[in-house]
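Here the structure comes first, spelled out in structure tokens, and everything after it is commentary.
The values are calculated or read from the model by the stated rules, or taken from the named source; none is laboratory data. Quick caveat, the model's predicted, so the values are computed rather than measured. Virtual Cβ from ideal backbone geometry, glycine too; neighbours counted across all protein chains shown. Remember, those area values only see protein heavy atoms, side chains included, never the ligands or the DNA or RNA. Shrake-Rupley method; radii C 1.70, N 1.55, O 1.52, S 1.80 Å.
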Amino acid sequence: MVAIIDYDAGNIKSVEKAVHALGYEAVVTRDRELLLNASHVILPGVGAFGDAMHKLQGYGLTEVIQKIAADHTPLLGICLGLQLMFESSEEAPGVAGLGLLKGRIVRIPDKDGLKIPHIGWNSLKYPNKGRLFDGIPENAYVYFVHSYYLEAQEPEIVKATTEYGVLIHASVEKEHIFACQFHPEKSSDVGMKILENFLKIEE
């Protein structure tokens with residue numbers, strides 16, 4: 001069973017539909033036991049970093065997510081879910097993230113001709129190709145919606161990058177922890193293949 005963490009964030013339903021479309025059972029939940037017993041866990045999200053961390057803490061989910069990571073259950077963060085896995089964000093000074101991975105979230109710099117938030121399709125490069133991208137050629141396009149981006153502290157965990165006025169760390173992998181700044185559930189066949197690759201990963 002695939003568990004999708006419910007903390008009142010946007011975009012949870014479309015992730016659930018994508019998992020079902022791939023033929024997997026999925027449950028949207030904040031129940032501790034369901035989350036800890038799932039084969040795979042997804043932390044989706046659209047919204048603000050500080051508000052999201054407040055909700056995760058309010059629902060008692062920060063400790064649960066850290067236990068999921070400690071138990072080596074495959075864990076996937078999507079969009080805001082990626083950002084929450086790191087230590088801090090310029091969007092919410094003083095608010096600590098989950099700290100599962102080292103790095104910080106910073107605002108996309110203003111630049112002539114670039115709209116913020118960054119909304120649209122961008123191609124991926126693979127500095128260190130990861131398991132999420134098995135069978136997906138470099139320069140494949142995926143769909144982004146974000147104003148802030150990741151600067152990972154450990155270059156080796158960065159598995160995909162894109163350019164939007166600045167080099168964006170678009171996907172990371174470290175052991176059983178995976179994350180994408182883009183939305184695989186909205187990225188057509190490429191995105192569905194990325195989700196399928198994640199769901200085939202074993203502990």
If a residue must be over 15 Å from Gly191 (Cβ atoms), of a type in the set (Val, Ile, Thr) and touching a residue at least 40 places away in the same chain (Cβ under 8 Å), how many such residues does the stretch 154-167 contain? 2
Can you tell me how many residues within the stretch 71-91 are over 18 Å from His54 (Cβ atoms) and open to solvent by 10 Å² or more (accessible area, probe 1.4 Å)? 2
Please determine, by comparing only the residues of the stretch 40-62 that are without any contact (Cβ under 8 Å) to a residue 40 or more places away in the chain and within 16 Å of Ile4 (Cα to Cα), which one is farthest from the chain's Cα centre (by Cα). Gly60
Looking at the stretch 1-18, which of its residues are open to solvent by less than 70 Å² (accessible area, probe 1.4 Å), out of contact with any Asp or Glu (no Cβ under 8 Å at 6 or more places or on another chain) and in contact (Cβ under 8 Å) with a residue 24 or more places away in the chain? Ala3, Ile5, Asp6, Tyr7, Ala9, Gly10
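Would you point out which residue out of Glu138, Glu151 is touching a residue at least 24 places away in the same chain (Cβ under 8 Å) and open to solvent by 10 Å² or more (accessible area, probe 1.4 Å)?
Details: Glu138 fails: touching a residue at least 24 places away in the same chain (Cβ under 8 Å).
Being touching a residue at least 24 places away in the same chain (Cβ under 8 Å) and open to solvent by 10 Å² or more (accessible area, probe 1.4 Å) holds for just one of Glu138, Glu151, which is Glu151.
Say whether the condition of being in a loop (DSSP other than H, G, I, E, B), touching a Phe, Trp or Tyr at 6+ places or on another chain (Cβ under 6 Å) and touching a residue at least 12 places away in the same chain (Cβ under 8 Å) is met by at least one residue in the stretch 173-186. If you could, list the steps in order and put the result at the bottom.
Start the filter on the stretch 173-186 by keeping residues that are in a loop (DSSP other than H, G, I, E, B), which leaves 175-176, 181-183.
With the extra rule that they be touching a Phe, Trp or Tyr at 6+ places or on another chain (Cβ under 6 Å), the set shrinks to 182-183.
Pick out the ones that are also touching a residue at least 12 places away in the same chain (Cβ under 8 Å) and you get 182-183.
Checked against the condition, which is being in a loop (DSSP other than H, G, I, E, B), touching a Phe, Trp or Tyr at 6+ places or on another chain (Cβ under 6 Å) and touching a residue at least 12 places away in the same chain (Cβ under 8 Å), the stretch 173-186 yields at least one hit.
Only residues that are on the phi > 0 side of the Ramachandran plot and buried (at least 22 other Cβ atoms within 10 Å of the Cβ): list them for the stretch 38-70, please.
Restricting attention to the stretch 38-70, the residues satisfying the condition of being on the phi > 0 side of the Ramachandran plot are 45, 47, 60.
Across the stretch 38-70, the qualifying residue is only Gly45.
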Give me the helices (runs of 4 or more DSSP H) completely within the stretch 1-67, filtered to those with at least 3 residues that are closer than 18 Å to Ser187 by Cβ, ordered by residue number. 12-21
Being at pLDDT 95 or above, under 17 Å from the mean Cα position of the chain (by Cα) and open to solvent by 40 Å² or more (accessible area, probe 1.4 Å) is the filter here, so list the residues in the stretch 126-135 that pass it. Arg131
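Of the residues that make up the stretch 84-107, is at least one part of a helix (DSSP H, G or I), at pLDDT 95 or above and touching a strand residue (DSSP E or B) at 6+ places or on another chain (Cβ under 9 Å)?
First, pick out the residues of the stretch 84-107 that are part of a helix (DSSP H, G or I): 84.
So of that shortlist, the ones also at pLDDT 95 or above come out as 84.
Subsequent filtering for residues that are touching a strand residue (DSSP E or B) at 6+ places or on another chain (Cβ under 9 Å) retains 84.
Scanning the stretch 84-107 turns up at least one residue that is part of a helix (DSSP H, G or I), at pLDDT 95 or above and touching a strand residue (DSSP E or B) at 6+ places or on another chain (Cβ under 9 Å).
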Regarding Ala52, is this residue closer than 22 Å to Val145 by Cα and either polar (S, T, N, Q) or at pLDDT 95 or above (or both)? yes
